[in-house]
1. Out of all the residues in the range 158-176, is one or more of a type in the set (G, A, S), surrounded by 16 or more Cβ atoms within 10 Å (Cβ to Cβ), closer than 24 Å to L80 by Cα and touching a residue at least 60 places away in the same chain (Cβ under 8 Å)?
2. Check P282 against each of (1) out of contact with any Asp or Glu (no Cβ under 9 Å at 6 or more places or on another chain); (2) surrounded by fewer than 16 Cβ atoms within 10 Å (Cβ to Cβ) and name the one condition it does not meet.
3. Would you pick out the residues in the range 253-290 that are without any contact (Cβ under 8 Å) to a residue 40 or more places away in the chain and of a type in the set (A, V, I, L, M)?
4. Scan the range 102-121 residue by residue and report those that are touching a His at 6+ places or on another chain (Cβ under 8 Å) and more than 10 Å from ligand 1 (Cβ to nearest atom).
5. Test K266 against the stated conditions and say whether it is more than 29 Å from A76 (Cβ to Cβ) and charged (D, E, K, R).
6. Out of F116, F111, I need the residue that is of a type in the set (F, W, Y), within 16 Å of ligand 2 (Cβ to nearest atom) and either touching a Pro at 6+ places or on another chain (Cβ under 9 Å) or closer than 15 Å to T42 by Cα (or both). Which one?
7. Of the conditions (1) within 18 Å of R176 (Cα to Cα); (2) surrounded by fewer than 18 Cβ atoms within 10 Å (Cβ to Cβ); (3) more than 16 Å from ligand 1 (Cβ to nearest atom), S94 clears all except one; give me its number.
8. List, please: which pairs have Cβ atoms under 9 Å, are six or more places apart or on different chains, and start with a residue in the range 215-236 that is farther than 18 Å from T200 by Cβ and away from ligand 2 (no atom under 16 Å from the Cβ) and end with one that is not in a loop (DSSP other than H, G, I, E, B) and not basic (K, R)?
Amino acid sequence: MLRRILIAIALVLLIGAGTAYAQRDELLGWAIRQRLADGPDTGFAKDHDGIKVLICGTGSPEVSSARAQACTLVAAGGRLFLFDAGDGALRSLSASRIPVNDIERVFVTHFHSDHFNDLGALINAGWIWGRTTPLEVQGPQGLAQVIAGFDAVYALDEGYRSANMPHLAERRAVARAVPLEIAFPDGARTERVYDKDGVTIDAALVAHDPVRPALGYVLRYKGRKLFISGDTEVSPVNLPAMKGADMVVHESYASHMVRRAIPQMKAMGMDFHARVAERTIPYHADNIALAKQAQAAGVKHLVLTHLIPYPENMVVRAMYTEGMGEHFKGQLTVAEDGIVLAF
Ligand SMILES: [Zn+2]
Ligand SMILES: [Zn+2]
């Protein structure tokens, strides 16, 4: 009996394989059509009448295969804006099927490399993959120097591809990055940098010494307010930007855990790492201080990103936000790469 069943199964498999072989051209054609149809999600910017946020990178300078570095994509009024493009940002945006050539403007918070490592790749990929307009990149003073550096780094690549593909050569002049450096009038801490069709974006000076200027951004649309902190310690200078925000996407630093790790690093001979940890504590946002400030500012939803240390296992995850709930009564989210939040 068993033998008969096995023979029957083998026959079915053989017939199936034979049919697939005979139809291989049709199958290949189908697979190609599926692959080509599986393009970017052009509805992402349009299917919500408010503000939509994709956390495309929750990483920090520590290299991680699981997390892209700083990357937050915002859709408002049918437009796409990208805030920072750290390493892995492009891959992460692609994983979420974001049409990167539709990004209207990239905003850079500051020039620590984990916030712009993928900016050159983003500019270059836009040119290669059909961008027909310049990419506006806005950020602190120093931006023009960074963009000029990327132009120099990609010059050979552009030359080779242009020689091979005339349609790329034609676009070389237009599909470039245009640096828009932000200057603050004397004494001002905020500056409106975008205002179109009901979407406004203000740059705000934050506290990340010795990085100066370091910026956060406030986006408003249809009565809703979003603050993206960039890298900053918890400081009263950020209060106006946070005040009454529906959502704050904030860098996060579990200093109670890092403080406990430092003596262990030293005991294990990891002096270099211990010194890095000691030096990063003062210029990042301690989770408890952040919870207090978010409560004082009346923030509705606090989203933690730029996570240090990475909450990769259950123990760290459980301890990461320890104590924050005592001070902050709003909604709290520890972000993961790829989550989408709308309000
Ligand atoms: Zn950073
Ligand atoms: Zn930084």
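The values are calculated or read from the model by the stated rules, or taken from the named source; none is laboratory data. Computed from a prediction, not measured in an experiment: that's the story for all the values here. A quick note on method: Cβ atoms are made from the backbone with ideal geometry, for glycine too, and the neighbour counts reach across all protein chains shown.
1. No, the range 158-176 contains no residue that is of a type in the set (G, A, S), surrounded by 16 or more Cβ atoms within 10 Å (Cβ to Cβ), closer than 24 Å to L80 by Cα and touching a residue at least 60 places away in the same chain (Cβ under 8 Å).
2. (1)
3. Residues satisfying the conditions are I262, M265, A267, M268, M270, A274, V276, A277, I281, I288.
4. V108 - this is the single residue of the range 102-121 that is touching a His at 6+ places or on another chain (Cβ under 8 Å) and more than 10 Å from ligand 1 (Cβ to nearest atom).
5. The answer is yes for K266.
6. F111
7. (1)
8. Listed by first residue and then by second, the contacts come to P236/Q293.
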